[in-house]
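Right, one structure below, let's go through it.
Where a number appears in this text, it was derived from the coordinates with a stated rule and is not lab data. Just so it is clear, the structure is predicted and the values come from calculations on it, not from any experiment. Neighbour counts run over all protein chains shown; Cβ positions are idealised from the backbone, glycine included.
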Amino acid sequence: MSIYVIDDHPLMRDAIVMVLRRLRPAENIVELERLDKLAGSVQQRGAPTLFCLDLKLPDTNGVSGVIAVKQVYPNVPIAVYSAAPAADMEDACIEAGADTYIEKSASSNELAAALRGLLMAGSEEETDEMPAANSGKLSKRQTQLIAMLDKGMSNRDIATDLEISEHTVKVHLWRLFRRLGVKSRTQALHYARTNGLLSG
């Protein structure tokens, strides 16, 4: 199992790797300069547990890199980072399949928090594969989130209640939306009500 960091800028790649080594000292971290080297690298270095993907690579255009990675590895989380402000590209990246968007101007603490949230959500999902009773295809955590959304709780409220970071809440929500095939809280709640996922 390996974490793949794909970036053609050595300095940025080093910064990401340094943070990952702090978060996951035992994990194998593979550095690549181009997306076209990924398939061969996965065969040699092992299945991916996380992708850290620079949005702008020599062999990608727009969100094409995110789409390409998601098509081959649909269940592996992707952290996209870019020099472009989140307001410009975050929605497009999430829509394409990314799990989180990090601006390159973020501090190392912000970067660590974002990646930690993603790694935690990923490992939690692995241990939380069994759906809760009467919740269709949702995990226990996702059923909990739906109930909190139904109460009108904000990301901050949810974070406080679950004792996790707001960033981790965002990751959980994105995964929930993807699992339900929706794009917003309103659509998620509509789906939940229509499909009997809310008790009472």
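Table for the structure above
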| read-out | value |
| --- | --- |
| Scan of region 71-107 for residues that are more than 18 Å from ASP7 (Cβ to Cβ), touching a residue at least 24 places away in the same chain (Cβ under 8 Å) and either among the charged types (D, E, K, R) or in contact with a Gly (Cβ under 6 Å, 6 or more places away or on another chain) (or both), ordered by number | GLU95 |
| Subset of region 16-66 that is more than 19 Å from PRO77 (Cβ to Cβ) and not in a loop (DSSP other than H, G, I, E, B) - its residue that is nearest to the chain's Cα centre (by Cα) | MET18 |
| Of all residues making up region 86-104, the number that are in a helix (DSSP H, G or I) and under 14 Å from ILE67 (Cβ atoms) | 6 |
| Count of residues meeting criterion [in contact with a Phe, Trp or Tyr (Cβ under 7 Å, 6 or more places away or on another chain) and of a type in the set (A, V, I, L, M, F, W, C)] in region 168-200 | 3 |
